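The values are calculated or read from the model by the stated rules, or taken from the named source; none is laboratory data. This one's a predicted model, so the numbers in the text were calculated from it and none came from an experiment. Cβ placement follows ideal geometry from the backbone for every residue including glycine, while neighbour counts extend to all protein chains displayed.
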Amino acid sequence: MQRFRFYGYLLVTLFLIGCGGPEPRRPKEVKSGSYYEESIERNKEILALEEKMMEEIIQKDSLHMYQHSASGSWYYYDFKNDEAGYLPQPDDLVTLVYNIVSFENDTIYSMEDIGVQKYKVDKQELFPGLRNSVKLLKEGETATFLFPSSLGYGYPGDGDKIGINMPLKSTLSILKIEPSASQSNE
């Protein structure tokens, strides 16, 4: 009987020790947010510098009336189509051409290099500034856009001709808009 009692106490003791629950692992290194804070500050400085560059371009260009987009780019119309009324919507198929130029007007990619593109609005990859700009133009319109690097290819560039944090200029022409089936049913 004593043996039974001893094993009973031992079993209860082991059970209580085992029920302590898992203890979370502690990180080997505790990182502060200083890296992220520095990165945020650096990006703010880059954006402020690029905005100043865009302001200088706009001030020097007395031939065009620039507009500011909600996404942060500036643009002017090379050709405005007042007869068209439809702006591209998500899922529409847009036929377009564009180029990419530096702020110093050096051609990075010509319209011929890029070629005619068919773009399904918000469903295919374009760099962020161009993706937003497509939705600002109607069929037959052409506009020139100024993009800060954050709306271009950002920190990594494109891995070829567009460098790190490079602001861009692009002339975009919408050749044709084919409304999606859901848009044409409305």
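Taking region 86-119, which residues are in a loop (DSSP other than H, G, I, E, B) and touching an Asp or Glu at 6+ places or on another chain (Cβ under 6 Å)? Show your work before the answer.
Within region 86-119, the first condition is being in a loop (DSSP other than H, G, I, E, B), and the residues that meet it are 86-92, 99, 102-106, 110, 115-116.
Listed by number, the list holds a single entry, Pro90.
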Scan region 70-85 and give yes if some residue there is in a helix (DSSP H, G or I), within 21 Å of Lys52 (Cβ to Cβ) and of a type outside the set (A, V, I, L, M), otherwise no. no
If Leu136 meets every condition in (1) farther than 19 Å from Ser71 by Cα; (2) buried (at least 17 other Cβ atoms within 10 Å of the Cβ) apart from one, which number is that one? (1)
Count of residues meeting criterion [more than 25 Å from Thr95 (Cα to Cα), surrounded by 16 or more Cβ atoms within 10 Å (Cβ to Cβ) and hydroxyl-bearing (Ser, Thr, Tyr)] in region 151-186: 0
Of (1) among the charged types (D, E, K, R); (2) modelled with pLDDT of 95 or more; (3) farther than 30 Å from Ala181 by Cβ; (4) over 20 Å from the mean Cα position of the chain (by Cα), Glu38 satisfies all except one. Which? (2)
Working only within region 102-151, note down all residues that are of a type in the set (Gly, Ala, Ser) and farther than 30 Å from Ser182 by Cα. Ser102, Ser110, Ser149, Ser150
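Here is a check on your reading of the model: is Asn105 under 19 Å from Asp158 (Cα atoms) and either hydrophobic (A, V, I, L, M, F, W, C) or modelled with pLDDT of 95 or more (or both)? First the steps, then the outcome.
Values: under 19 Å from Asp158 (Cα atoms): yes; either hydrophobic (A, V, I, L, M, F, W, C) or modelled with pLDDT of 95 or more (or both): yes.
Answer is yes for this residue.
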Odd one out for Ser102 among (1) farther than 20 Å from His64 by Cβ; (2) surrounded by fewer than 16 Cβ atoms within 10 Å (Cβ to Cβ); (3) within 19 Å of the chain's Cα centre (by Cα); (4) of a type outside the set (Asp, Glu): (1)
State all residues of region 128-186 that are under 16 Å from the mean Cα position of the chain (by Cα) and assigned to a helix (DSSP H, G or I); if no residue qualifies, say none. Pro128, Gly129, Leu130, Arg131, Asn132, Ser133, Val134, Ser149, Ser150, Leu151
When you look at Asp122, is it free of Cβ contacts under 8 Å to residues at least 40 places away in the same chain, touching a Pro at 6+ places or on another chain (Cβ under 9 Å), surrounded by 14 or more Cβ atoms within 10 Å (Cβ to Cβ) and in a loop (DSSP other than H, G, I, E, B), yes or no? yes
